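Reading through the structure tokens given below for one structure.
The values are calculated or read from the model by the stated rules, or taken from the named source; none is laboratory data. Computed from a prediction, not measured in an experiment: that's the story for all the values here. All Cβ positions, glycine included, derive from the backbone under ideal geometry; neighbour counts span all protein chains shown. Side chains are part of the model used for accessible areas, which takes the heavy atoms of the whole protein and leaves out ligands, DNA and RNA. Shrake-Rupley method; radii C 1.70, N 1.55, O 1.52, S 1.80 Å.
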Amino acid sequence: MTRRVVMAAAIGAALLLGAGTTQAQDKSIVTLVVPFGAGGGVDTVMRAVADRLTPVLGKTVLVENRPGGSTILAYDHVARSPADGTVFMIGTPSMSTNQAFKPGTGPGDPRKLLAPVAPIAEQPYMLIAGPALPAEVKDVASLLKWAKDNPDTLDMVNSGPLTAPRLAAELLAFRTETPIVTISYQSGTAGVLDVAGGRVHAGFTQIIEAMPQVTAGNLRPLAVSSLKRSPVFPDLPTVSETVPDFDVTSWNGMFAPAETPKAVIDEMNAAVNKVLQDESLKEMFRSQGTVFVGGSPEDLGNKLDSEIKRWEDLQSKVKLEID
């Protein structure tokens with residue numbers, strides 16, 4: 001009986017391996033691995049991009065969701081996948097924060113294990129203030145002044161201890177020498193509701209999470225976190241207009257396994273850049289503040305490298321608690 005079980009297991013493993021090999025060799029299917037669950041913001045954007053990539057490439061482009069491990073599970077899977085143009089990963093800021101703050105977690109440095117293909121989209125975070133702050137706090141400068149006049153009082157929400165909104169607040173505190181208390185929530189929406197309800201002062205948050213409360217008059221938008229003003233909110237200043245070179249955004253970029261041939265990367269880069277010119281795609285996500293950027297593999301590689309170095313520098317000087 002034991003021998004039969006062992007043989008059955010061996011045959012099953014061989015069949016699974018064979019199926020995986022067959023799928024990897026099917027060059028008519030391209031898989032975009034999204035490191036989050038279905039229905040989320042990144043997943044929704046990438047499914048719209050995949051739909052438009054299919055006719056441009058002449059191949060079926062599918063989205064595969066591999067959530068978990070702060071995006072490390074997806075990253076590990078793609079790093080180990082065949083470097084033949086059939087598997088790509090959609091990278092996010094977690095790639096830089098994981099490497100900077102938890103370098104021993106996961107398969108290794110993404111700059112060595114993945115090849116950049118193309119930048120896809122960027123979304124600035126919105127700096128919001130609620131009724132717990134006086135009405136005269138209406139921009140970054142007045143927020144910082146209030147915080148310094150009321151030391152160790154300003155608290156700011158975020159969507160988790162190793163998320164870009166938390167790190168944006170920590171960077172603002174460090175760059176301006178302003179005491180800020182960061183408070184992590186299970187979701188960005190929960191934090192936004194506490195700011196709107198006057199239980200917390202302010203925070204960086206996704207635009208889509210903030211807009212219902214902004215529209216209802218419960219929140220005051222103070223700035224966006226990108227280096228340049230958002231074309232969707234051109235009248236809203238940037239944090240960098242007060243704190244030079246401040247730039248913390250949510251972004252998506254496409255990566256491939258490290259040994260993917262340059263010709264394959266160039267083909268996908270050209271297809272992505274063509275798709276990102278689609279006006280219907282831009283309009284679909286305009287209200288969320290999403291800007292489709294495009295660019296070269298070098299642009300994406302430089303962005304990842306600069307972010308990792310920036311967060312490593314912050315951690316070396318501040319020693320943040322991230323668990």
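Annotations
- Under the Debye formula (equal points on every Cα, no solvent term), log10 I(q)/I(0) of the chain at q = 0.06, 0.10 Å⁻¹: -0.24, -0.61
- Per the Kirkwood formula applied to alpha carbons, region 162-281 shows a radius of gyration over Rh ratio, Rg over Rh, of 1.06.
- Proximity of backbone amide H atoms, modeled 1.01 Å from N, is registered between F36 and R66 at under 5 Å, excluding neighbours fewer than 5 places apart on the same chain.
- Between T182, T215, T205, the residue with the greatest mean-square fluctuation in the GNM of the chain (Cα pairs under 10 Å linked by springs) is T215.
- Other residues lying with their Cβ under 15 Å from the Cβ of D305 contribute a combined charge of -2, Lys and Arg counting +1, Asp and Glu -1.
- Rounded percent of accessible protein surface that carbon and sulfur make up, the chain, 1.4 Å probe: 55
- Per residue, the chain exposes 46 Å² of accessible surface when a 1.4 Å probe is rolled over the protein heavy atoms with every protein chain present.
- Residue order for F255, F292 - accessible surface, 1.4 angstrom probe, largest first: F292, F255
- Here is what passes the span test in the chain: the DSSP H helices with alpha carbon length of 27 Å or more along the helix axis and a Kyte-Doolittle mean of -0.5 or above are 2-25.
- Among residues other than T163 with Cβ under 15 Å from its Cβ, the summed charge is -3 (Lys and Arg +1, Asp and Glu -1).
- Computed E for K274/V181 - FRET, C-beta separation, R0 41 angstrom, nearest 0.05: 0.35
- Mean residue ellipticity (222 nm) of the chain, computed from DSSP H runs ≥ 4 via -39,500 (n - 2.57), nearest 500: -14000 deg cm²/dmol
- Placing a label point 7 Å from the Cα of K145 along the Cα-to-Cβ direction, the residues of region 239-266 whose backbone N falls under 17 Å of that point are 241-243.
- With both labels modelled 7 Å from their Cα along Cα-to-Cβ, the R286 to F233 distance reads 1.7 nm.
- A simple spin-label model places pseudo-atoms 7 Å from Cα toward Cβ; at K27 and R80 they are separated by 2.6 nm.
- Euclidean distance of C-alpha centroids, region 36-57 and region 192-241, integer Å: 26
- Relative contact order %, the chain, counting alpha carbon pairs below 8 Å whose residues are six or more apart: 25
- Relative contact order (percent, whole number), region 90-228, Cα cutoff 8 Å, 6+ residue spacing: 34
- For region 85-164 versus region 274-323, the gap between their alpha-carbon centres in whole angstrom: 10
- Pairs over the 18 Å Cα-Cα cut-off, from the set K112/K309; K102/K228; K102/K319; K27/K262; K148/K319; K228/K303: K102/K228; K148/K319.
- DSSP-defined beta bridges in the chain - what % are antiparallel, rounded to 5: 60
- Under 5 Å, built H, 5+ apart or other chain: amide partners of L219: V214
- Inter-label distance, nm, simple model (7 Å from Cα along the C-beta direction), D109/E136: 5.0
- Kirkwood analysis of the Cα pair distances in region 232-308 returns a hydrodynamic radius of 14.8 Å.
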